[in-house]
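> Could you have a look at this structure, given as structure tokens, before my questions?
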Amino acid sequence: MDVVMLSRLQFAVAVFFHFIFVPLTLGLSVILAWMETRYVRTGDEIWKRHAKFWGKLFLINFTLGVVTGITLEFQFGTNWSRYSEYVGDIFGSLLAIEATVAFFLESTFLAVWHFGWNKLGKKAHCACIWLVAIAGNLSALWIILANGFMQHPVGYVINEAAGRTELSNFWDVVFNGYAWGMYAHTVLASWAVGGFFVLGVSAWHLLRKSNTEFFRRSFRMVAPYTLALTLILALSGDQQGKAVAEHQPAKLAAMESHWETARDVPFYLLVWPDPENERNSVEALGIPGLLSWIAYEHTDAEVKGLKDFPKEDRPPVSPVFWSFRGMVALGMLFILLALGATLQRKREMPCSGLLKALVWNIPLPYIGLMLGWAVAEIGRQPWIVHGLMRTTDAVSPVPTSSVAISLGAFIVVYSVLGILDIYLLRKYALKGPDAQEA
């Protein structure tokens with residue numbers, strides 16, 4: 001395995017482990033702010049108990065997430081120095097804003113919120129958690145704007161003499177439509193992670209009839225919210241798919257394992273890619289014209305096939321295709337589960353089968369998000385900045401052995417942190433609000 005693949009694996013390990021923590025941070029912060037707002041508006045102490053209980057889980061997740069996020073930016077210097085040299089003028093400014101504005105705002109007001117119970121007024125304390133939620137989601141915005149430049153570069157000029165790109169229009173980068181589509185899809189998915197987390201933990205306690213009134217409240221509150229998110233998420237995914245068709249047609253072809261350029265292209269419900277022979281070994285249950293309509297909003301639209309792209313410019317088909325299909329399948333499952341929870345939310349005791357499904361579902365939204373990012377990042381290959389710089393040209397000139405050793409170290413350390421996060425979340429989630437008050 002060469003230094004390029006090892007460096008890619010190391011960054012993937014760092015990103016995916018970090019992304020264990022990020023979605024719950026984004027999603028749970030909004031729910032926390034909503035719960036405390038209900039407490040401030042109604043004076044009902046049960047919502048204060050909710051804010052404290054779910055807030056403890058939020059703090060555990062946030063703290064461990066910070067640890068895994070710090071090392072990510074260092075890799076642009078250690079493993080991807082040529083990339084940093086080439087696009088650092090653009091990429092660096094976005095990361096700097098994320099760190100010095102959004103993250104500092106989030107962490108500062110989280111500390112004020114955590115230590116400010118009984119020290120601040122109700123409204124001031126509630127404002128702190130809203131600032132945490134806003135800042136956390138702003139932090140995600142600047143990160144995704146940076147990634148959006150990698151997917152669809154805008155607002156730059158190439159300085160041939162210096163051999164690098166330079167920022168020509170900051171606002172073009174900030175208002176990159178492709179990046180905003182990514183941001184909407186990612187944030188909605190993260191909010192859904194928070195919703196399903198609350199539903200899953202609430203379902204566990206309802207099944208065991210522990211603190212039933214407490215968890216019945218959270219179940220009733222979050223179920224319709226999560227349903228709305230899953231439906232809007234499907235719509236945002238459709239819009240982002242159209243953006244992919246416009247700006248990255250090779251990625252779209254890999255997502256659908258579509259080989260031959262054609263019009264009125266069907267969408268096959270059953271497909272088995274055979275990349276070695278540049279075909280699909282199975283194509284069944286096709287819906288005429290649907291792929292053309294999904295991509296370009298009319299059935300006679302031409303969809304470029306993978307054979308129209310040079311082999312060296314094609315993304316790896318199988319991982320992109322299966323990741324996309326897995327993400328879509330999970331998205332459909334989430335809509336059904338959220339619909340079931342919404343329909344049964346007013347019952348004294350929702351169906352035990354549904355409650356068990358919601359408990360087992362807790363890790364699946366994380367997996368759905370990981371699959372989505374696999375589609376975005378693997379589907380961009382062989383480019384690190386689409387159309388501008390290949391991944392093979394971006395890696396640092398470091399020994400293969402050094403990257404292999406650091407990759408092993410990352411896996412060990414991050415595995416420990418991941419296990420610790422799951423252990424602590426499970427421990428305090430199962431203890432319930434009574435342990436929090438004790």
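> Taking a threshold of 30 Å on the Cα-Cα distance, which of the pairs 242/311; 56/251; 52/356; 119/356 fall above it?
56/251; 119/356
> In sequence order, what are the phi-derived ³J(HN,Hα) couplings for the range 243-254 according to the Karplus relation 6.51 cos²θ - 1.76 cosθ + 1.60 with θ = phi - 60°, rounded to whole Hz, with x for glycine and proline?
For the range 243-254, the Karplus curve yields 5, 4, 4, 6, 9, 9, x, 5, 5, 4, 4, 5 Hz.
> With label points built 7 Å along Cα→Cβ from the Cα atoms of residue 313 and residue 262, find their separation and express it in nm.
It works out to 2.3 nm between the two label points.
> Still on this structure, please answer the following. Using just the helices of the chain, give the 222 nm mean residue ellipticity in deg cm²/dmol: DSSP H runs with n ≥ 4 each add -39,500 (n - 2.57), and the total is spread over all residues, rounded to 500.
Roughly -24000 deg cm²/dmol at 222 nm, from the helical runs in the chain.
> Then there is this: Project the alpha carbons of the range 220-328 onto their principal axes and report the range along each, largest first, in whole Å.
52, 28, 27
> Which of the aspartates and glutamates could be linked to residue 307 by a straight reach, that is with a Cα gap under 14 Å, when you skip same-chain ones fewer than 8 residues away?
Within the straight-line limit of under 14 Å, residue 307 reaches these aspartates and glutamates: 256, 260, 274, 276, 278.
> Once Rh is set to the Kirkwood radius over Cα pairs, what Stokes-Einstein translational diffusion coefficient, in µm²/s, holds for the range 271-356 at a temperature of 37 °C and a viscosity of 0.692 mPa s?
199
> Over all pairs of distinct alpha carbons, what does the Kirkwood formula give as the hydrodynamic radius of the range 255-407, in Å?
With all distinct Cα pairs of the range 255-407 included, I get 18.6 Å.
> Shifting gears a bit: With each pseudo-label sitting 7 Å past Cα toward Cβ, what's the residue 322-residue 392 distance in nm, one decimal?
2.5
> For residue 302 and residue 119 in the same chain, what is the full-extension length gain: residue separation times 0.36 nm, less their Cα-Cα distance, in nm?
Once the chain is fully extended between residue 302 and residue 119, it gains 59.6 nm.
> While we're looking at this one, here's another question. Using alpha carbon centroids, what distance separates the range 185-199 and the range 35-55, in Å?
About 20 Å separates the Cα centre of the range 185-199 from the one of the range 35-55.
> So how far apart, in nm, are the two label points at residue 210 and residue 282 if each is 7 Å from Cα heading toward Cβ?
So the label points at residue 210 and residue 282 sit 4.3 nm apart.
> With just the Cα atoms of the range 364-438, tell me how far they stretch along each of the three principal axes, in Å, largest first.
So the three principal-axis extents are 57, 29, 17 Å.
> Follow-up. For residue 290 and residue 419, compute 0.36 nm times the residue count separating them, minus their Cα-Cα distance, and round to one decimal in nm.
Full extension of this stretch gives 42.2 nm more.
> Still on this structure, I have one more. Counting only heavy atoms of the protein chains, get the accessible area per residue of the range 1-128 (1.4 Å probe) and round it to a whole Å² value.
Result: 42 Å² of accessible area for each residue.
> Another question, then. Find the all-direction average of the projected area of the Cα convex hull for the range 142-192, expressing the result in square nanometres with one decimal place.
Approximately 3.5 nm², given one-decimal rounding.
> With N denoting the number of residues in the range 208-267, provide Rg(C-alpha) divided by 2.2 N^0.38 Å, to two decimal places.
The range 208-267 yields a ratio of 1.93.
> Just to confirm, what accessible area per residue do you get for the range 185-306 at 1.4 Å probe, in whole Å²?
On a per-residue basis, the range 185-306 sits at 42 Å².
> Within the range 50-137, list the trypsin sites (Lys or Arg not before Pro) lying in a DSSP loop whose Cβ has at most 14 other Cβ atoms in a 10 Å radius.
In loop regions of the range 50-137 (DSSP not H, G, I, E or B), the sparsely surrounded trypsin sites (Lys or Arg not before Pro) are 119.
> Quick query: amide H of residue 286 versus all other amide H atoms, modeled in the peptide plane; which residues come in under 5 Å with a sequence gap of 5 or more or a different chain?
269
> Still on this structure: Indicate, rounded to the nearest 5 percent, the antiparallel portion of the DSSP beta bridges found entirely in the chain.
100
> A follow-up question, please. By how many nm would the segment from residue 234 to residue 426 lengthen if fully extended, with 0.36 nm per residue of separation less the alpha-carbon distance?
Here the answer is 66.2 nm.
> Please compute, over every Cα-Cα pair in the range 306-350, the percentage with a separation greater than 13 angstrom.
Summing the P(r) of the range 306-350 above 13 Å gives 68 percent of all pairs.
> Can you check how the C-alpha radius of gyration of the range 1-81 compares to 2.2 N^0.38 Å, as a plain ratio?
1.56
> If you split all Cα-Cα distances of the range 1-149 into 5 Å bins from zero, what percentages do you get per bin, shortest first?
P(r) for the range 1-149, in whole percents per bin: 2, 9, 17, 20, 16, 12, 9, 7, 5, 3, 1, 0, 0.
> Accessible area of the range 6-87 with a 1.4 Å probe: how many percent of it is carbon plus sulfur?
Summing carbon and sulfur atoms, their accessible area is 65 percent of the total for the range 6-87.
> Would you mind computing Rg(Cα) / (2.2 N^0.38 Å) for the chain, counting N as its residues?
1.03
> 5 Å is the cut-off here: which amide hydrogens, built 1.01 Å from N in the peptide plane, fall below it relative to residue 176, excluding neighbours closer than 5 in sequence?
Residues meeting the amide H criterion: none.
> Could you work out, for the range 109-218, what percent of all Cα-Cα pairs fall into each 10 Å distance bin, beginning at 0 Å and stopping at the bin that holds the largest distance?
Values per bin, smallest distances first: 12, 23, 27, 20, 11, 5, 1, 0.
> Next question. Let's test the formula: R0 of 41 Å, r as the Cβ-Cβ distance of residue 404 and residue 44. What FRET efficiency results, to the nearest 0.05?
Working from the Cβ atoms, E equals 0.15.
> For the range 308-359, which trypsin sites (Lys or Arg not before Pro) pass both filters: DSSP loop (anything but H, G, I, E, B) and at most 14 other C-beta atoms within 10 Å?
In loop regions of the range 308-359 (DSSP not H, G, I, E or B), the sparsely surrounded trypsin sites (Lys or Arg not before Pro) are 346, 347.
> Ignoring any ligand, DNA or RNA, what whole percent of the accessible area of the range 300-347 comes from carbon and sulfur when the probe is 1.4 angstrom?
That share works out to 62 percent.
The values are calculated or read from the model by the stated rules, or taken from the named source; none is laboratory data. Computed from a predicted model, the values in this text were never measured in an experiment. Please note: Cβ atoms are built from the backbone with ideal geometry, for glycine as well, and neighbour counts cover all protein chains shown. Surface areas here come from the heavy atoms of the whole protein model, side chains and all, with no ligands, DNA or RNA. Shrake-Rupley method; radii C 1.70, N 1.55, O 1.52, S 1.80 Å.
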